[in-house]
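For reference, the structure discussed in these notes is given below.
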Amino acid sequence: MKANPHPRRATAILGVSGLCATLLLLDGCHKPAAPGSGEPAAGAPAAGAPAAKKSAAPSDDEPAAAKSAAPAAVGEEPAEGVSLKPEEVEKMGIVVAAAAVAHHVPETAGFGVVIAHESIAQAVAEVVSAAAMDRQSRAALARAQRLAGTPGALPGDAQEAAERQATVDQAALLLARQRLTASFGQSPPWKGDVNSPVLRALADGEIKLVRVTFPLGSLGAETPARLLLAHLNAANSAKSWTSVSIWGAPADATVPGKSFFTLLKGSDAGEGERLLVWAPVGAAESGVLIPGAAVVISGGKYWCYLERKPGVFVRTELDASMPLADGYFVKEGVAPNDKVVTNSAGLLLARETNPSSAAAD
C-alpha cells in the first residue's frame, strides 16, 4: 500500500469534507416544508403537542387600557330596599303605620252647571200669574152663568167674552206649567206644586239647582242614587258636596249623553259655574288606604315604602287612579296591616336613588 505523502493535507481535506456535510445536513433541517407536503415547518410544535400558554398578566409594554379591569354591566339593578340602623330611622324621622282597610265604589265622571235662580223665579212667576188669571176668569164666568135668566143677567156678547177669556187663561196656565216641567224636569221634588217650599227656596236662591250631564255610555240605565260634586279646579280627592235628590233632565243638545237635575245645599258654588260630578257605577271594592303623605313620585310612577322587616324599607309601586279624600285607594301591592312609611318617604327615596347621600346625613 502506497503511503500518503502529505498526511496533514489529507486530514484537512477530510475535515473540510466533514464540515460541508454537516452544513448541508443543518441546511436541510432548517429548510421550510414544501406546500402540500404535509410536513410541519421548522419550529412548529409537533402534532398533538399542546400550544404554548400565554400569560394572563399584561406585560409592561402593553397600554394602560389593557391593564384596567372590565367595567360593571350596564343596567345592573341595585340591591332591593333601603336598610337603616335604628339611630338612622330616628334621625330621618321615619314613621310607620299599618295600612287600613278601605272600600271604594267605581265611579264615572261628568260635569254640571249651576242654574241661575232668576230663571227658576221667572218660571215660577209665570205659573203663579197664569194661575191668578185663570182663577179670575173662571170666577167671572161662573158669576155670569149664575145671573143668566135674571134681571141682572149680562148681555149675550159679554157672557161669550167671559167664556172666551176663561178658556184663554186656562190655556195660559197649562202652558206655564208645561214650560216649568220642560225646563226643570217631569218628576221634580215639588211635584208640580208652585207653593212647594223646595221650589220657593230654589226661586229665592237658597238652594241651588244643578244640571248634570254624563257622556254617552258612561252611565247605566238607572238614575244614580247619589252624586258627588266639586269645583273644576279641585282634585278628585276634594269632592266636597253630596247630593241625593236626583231626577231626569232634558237631554243636553251640545253633549251626547244622559242628563239629570240635582239639588245642592250648603255649597259655595256660584250660579252659572261649571262643576265636576261623579256617580257610582258598580259595587264597592275592598282594598287599603294609603295616606297622601306616604306617596312619592319617581320615574312618572307613584310609590310608597313598606317596612318588610325591622329597618328594611322596600319601595312598592301604587295605582293612584282611585283617590280618596285623605289618600289613595289601592287594591294590589299593599295588604291590610302592612307597615307603610307615612312620614319621610321622600328621604327614603333620596337615600335609595343616591346612596352617597348617607355620608352627608
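Three principal axis extents, largest first, for the C-alpha atoms of segment 181-264, in Å?
Extents along the principal axes: 37, 26, 23 Å.
For segment 203-344, what mean projected area does the convex hull of the alpha carbons give, in nm²?
11.3 nm²
Students often check this: by mean Cβ neighbours within 10 Å, which of 151-159, 84-92, 114-122 ranks highest, and how do the rest follow?
114-122, 84-92, 151-159
Apply the Karplus curve 6.51 cos²θ - 1.76 cosθ + 1.60, θ = phi - 60°, to the phi angles in segment 113-122 and return the couplings in whole Hz, x for Gly and Pro.
Karplus-based 3J(HN,Hα) across segment 113-122 equals 9, 7, 6, 5, 5, 4, 5, 5, 4, 5 Hz.
So which trypsin sites (Lys or Arg not before Pro) in segment 125-212 end up in coil per DSSP with only 10 or fewer other C-beta atoms within 10 Å?
LYS191
Placing +1 on the Cβ of each Lys and Arg and -1 on the Cβ of each Asp and Glu in segment 223-311, which of LEU232, PRO291, PRO250 has its Cα farthest towards the positive end of the resulting dipole?
With unit charges placed on the Cβ atoms, the residue in question is PRO291.
Can you give me the orientation-averaged projected area of the convex hull built on the Cα atoms of segment 190-235, in nm²?
It is 5.2 nm².
Can you tell me what the convex hull of the Cα atoms of segment 256-303 projects to on average, as an area in nm²?
Mean projected area for segment 256-303: 7.4 nm², to one decimal.
Loop-only GluC sites (Glu not before Pro) in segment 151-232, please: DSSP not H, G, I, E or B, and at most 12 other Cβ atoms within 10 Å.
GLU206, GLU222
Using only the C-alpha atoms of segment 267-342, find the volume of their convex hull and express it per residue in Å³.
It is 140 Å³ per residue.
At a 10 Å Cβ-Cβ cut-off, how would you order TRP190, TRP241, fewest neighbours first?
Result, fewest neighbours first: TRP190, TRP241.
Read-outs throughout are calculated quantities, based only on the coordinates presented, and are distinct from any laboratory measurement. Small disclaimer: the values here were computed from a predicted structure and weren't measured. FYI the Cβ positions are ideal-geometry reconstructions off the backbone, even for glycines, and counts take in every protein chain you see.
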